[in-house]
Amino acid sequence: MKKYFIYTLLALMFPALQAQQVLSLEEAIQMALENNYGIRVAQNELAVDENNVHPGQVGYLPKLDLSSGANISRGSSTAGFAVRDEEGNNVIDPATGKFQVREVSVPGVTTWNANAGLNISYTVFDGFGRKTNYEILEANVLQSREQLQNTIETTISQVVNAYYQVARLSNTFEIQKKAVEVSVVRLERAQTQRDFGTGTRLLVLNAEVDLNADSLALANAALNLENAKRNMLAVLAADLTDDFQVDPTVRFSESRSLAGLWDDALAANPSLKLLDVSRRLSELNLRLAEASRLPRLDVTGSYGYRYSDNGPVSFVLTTESLNLSGGASLSFPIYNGGQLKRQIENAEINIRSNQLRYEEAKTNLERDLRNALANYTNSLQVLQLQQKSLQAAQLNFDQTKEQYDLGQANNTQFREAQLNLIRVQNQLNDLRYDTKLFEIELQRLTGELGK
């Protein structure tokens with residue numbers, strides 16, 4: 001009865017342990033790639049940079065504008081007209097010696113005009129600035145792609161670490177559950193022996209203490225497992241109330257040489273490729289600054305229509321015109337307060353700084369790669385030794401249990417053999433997944449995770 005009571009209690013405390021769905025690592029990675037917020041933002045940024053790669057973005061295409069306008073005015077006007085004789089000559093006022101003028105006031109005079117024009121402008125030459133700006137746009141796309149790839153690989157690394165942490169703790173839970181089962185059988189045996197007079201109350205108490213300790217360890221293992229599952233669901237951007245199981249199987253890739261890993265890392269490491277793009281951008285910015293030293297040639301053209309109604313008091317009542325015009329302007333920078341010189345100097349400094357960052361990143365990458373390979377190789381060797389230790393611990397436990405059942409081993413010897421087996425099982429479990437994570441780190445450094 002105590003055995004069923006313990007399992008019922010654990011089921012009530014940790015109902016999610018009764019998992020139904022088995023989630024594979026590939027499914028978890030796919031879910032994260034679809035739902036991860038950082039990846040979706042990086043994809044949008046890449047789309048924007050790809051849209052910007054267009055000849056019109058840097059001035060390779062002409063600029064064409066259509067303009068039009070109209071205005072109207074209304075008011076009173078007074079006009080002076082020269083007085084003419086019958087022959088049509090202007091009459092001179094003898095008192096002033098000037099032409100005689102007859103003033104006419106016209107109220108409510110309306111005048112208006114309208115115009116429309118088509119204007120075109122084009123830069124023929126700008127010191128190769130357009131070409132450099134276009135290359136900068138292309139480099140921005142490369143940078144966004146590497147940032148997206150970096151985000152993808154970081155996310156995959158987080159998913160893999162979280163997945164194997166769940167697998168590790170799942171095995172820990174199973175190991176501890178078997179320990180509880182063994183302790184339950186031992187307690188039942190001690191109680192039976194006491195009931196038949198072949199055991200003592202002390203043996204029962206010792207068995208109860210050990211069972212309580214194993215049950216507490218099982219409860220902690222269950223809690224750690226549930227927390228690890230929630231952590232993984234957060235990485236997947238999934239509902240934190242979902243329940244699942246993972247595949248605890250671990251397979252290791254064949255060992256590779258440092259030279260091959262280094263070549264792959266130089267070619268595909270996303271962080272190193274990002275710095276390489278930054279170095280390229282700094283070189284393009286220098287070329288862009290130097291382009292400002294060269295002359296600039298712009299051409300313009302326009303075709304326009306204009307109509308004016310000048311009102312009844314104007315000498316010219318209406319005007320209408322069509323105009324076609326063109327022009328060109330050539331500018332050559334001579335001196336701008338030394339700004340151009342400072343821009344070029346700063347661009348050269350940025351090139352040197354980005355080169356230093358690149359070299360530093362290469363040094364750090366080589367160090368991390370050597371460390372990861374050493375950790376992975378050493379863990380594989382230790383794993384083989386630990387598997388032999390598990391075989392020995394299992395054999396020792398089986399023999400001790402057989403002797404215990406025959407009354408040839410005492411409780412202390414049996415418990416020591418049991419604890420030793422649990423310890424070796426947990427060590428092997430932890431070592432197996434630590435080794436796998438070392439392998440994942442090698443794949444991350446060589447840019448293989450996102451492939």
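Every read-out reported here was derived from the displayed coordinates using simple, explicitly stated rules and does not represent laboratory data. A quick note: this is a predicted structure, and the numbers were derived from the prediction, not measured. Positions of Cβ are backbone-derived with ideal geometry, glycine not excepted, and every protein chain shown enters the neighbour counts.
Taking each residue as 0.36 nm, the span from Asp247 to Tyr37 lengthens on full extension beyond its C-alpha to C-alpha distance by 73.0 nm.
In order along region 254-265, the phi-based Karplus estimate (6.51 cos²θ - 1.76 cosθ + 1.60, θ = phi - 60°) of 3J(HN,Hα) comes to 5, 5, 10, 7, 5, 4, x, 5, 5, 4, 5, 5 Hz; Gly and Pro are listed as x.
Projecting the Cα atoms of Ala95, Leu211, Val159 onto the charge dipole of the chain, computed from C-beta unit charges around the Cα centre, puts Leu211 farthest toward the positive end. Multiplying the residue separation of Asn336 and Glu359 by 0.36 nm and removing their Cα-Cα distance gives an extension gain of 4.7 nm.
Pairs exceeding 22 Å between alpha-carbon atoms, taken from Lys178/Lys401; Lys362/Lys436; Lys273/Lys341; Lys177/Lys229; Lys63/Lys341; Lys229/Lys273: Lys362/Lys436; Lys273/Lys341; Lys63/Lys341; Lys229/Lys273. Could you list the residues of region 415-451 with an amide nitrogen less than 15 Å from a label point located 7 Å from the Cα of Leu383 in the Cα-to-C-beta direction? Residues 427-443 fall inside that zone.
Put +1 on the Cβ of each Lys and Arg and -1 on the Cβ of each Asp and Glu in region 375-451; which of Gln387, Ile440, Asn426 then has its Cα farthest toward the positive end of the dipole? Projecting each Cα onto the dipole axis, the largest value belongs to Ile440. Considering only the Cα atoms of region 369-409, their convex hull presents on average a projected area of 2.9 nm².
A straight chain from Asp398 to Asp93 at 0.36 nm per residue would run longer than the Cα-Cα distance by 95.4 nm. For Cα extents along the principal axes in Å, which listed value, (1) 64, 56, 50; (2) 80, 59, 36; (3) 161, 54, 32, comes from the coordinates shown? Entry (3).
Annotation: amide H-H contacts under 5 Å for Phe99 (H modelled 1.01 Å from N, sequence separation of 5 or more, or interchain): Asp93. Dipole orientation for the chain: of the candidates Gln339, Leu324, Thr377, Thr377 has the Cα lying most toward the positive pole (charges on Cβ; Lys, Arg +1; Asp, Glu -1). The phi torsions of region 177-183, fed into the Karplus equation with coefficients 6.51, -1.76 and 1.60 and a -60° offset, translate into couplings of 5, 5, 5, 5, 4, 5, 5 Hz, rounded to whole numbers, with Gly and Pro shown as x.
Taking the Cα of Thr198, stepping 7 Å toward and past its beta carbon, and measuring to each backbone N in region 416-432: which are under 17 Å? It comes to no residues whatsoever. About the centre of its Cα atoms, the chain shows a dipole size close to 900 debye [charges on the beta carbon of Lys, Arg (+1) and Asp, Glu (-1) only; nearest 20 debye]. Given +1 at the Cβ of Lys and Arg, -1 at the Cβ of Asp and Glu and no other charges, the dipole of region 134-250 around its Cα centre is 660 debye to the nearest 20.
Placing unit charges on C-beta atoms (Lys and Arg positive, Asp and Glu negative, everything else neutral), compute the dipole magnitude of region 15-74 about its Cα centre in debye, rounded to 20.
Dipole magnitude for region 15-74 comes out near 520 debye.
Couplings for region 349-362, taken from phi via the Karplus curve 6.51 cos²θ - 1.76 cosθ + 1.60 with θ = phi - 60°, read 5, 5, 4, 5, 5, 5, 5, 5, 4, 5, 5, 5, 5, 5 Hz in order; Gly and Pro are left as x. The long axis of helix 201-235 is offset from the longest Cα principal axis of the chain by roughly 20 degrees.
Using the Cβ-Cβ distance between Asn426 and Asp263 with R0 set to 41 Å, the FRET efficiency from 1/(1 + (r/R0)^6) comes to roughly 0.60.
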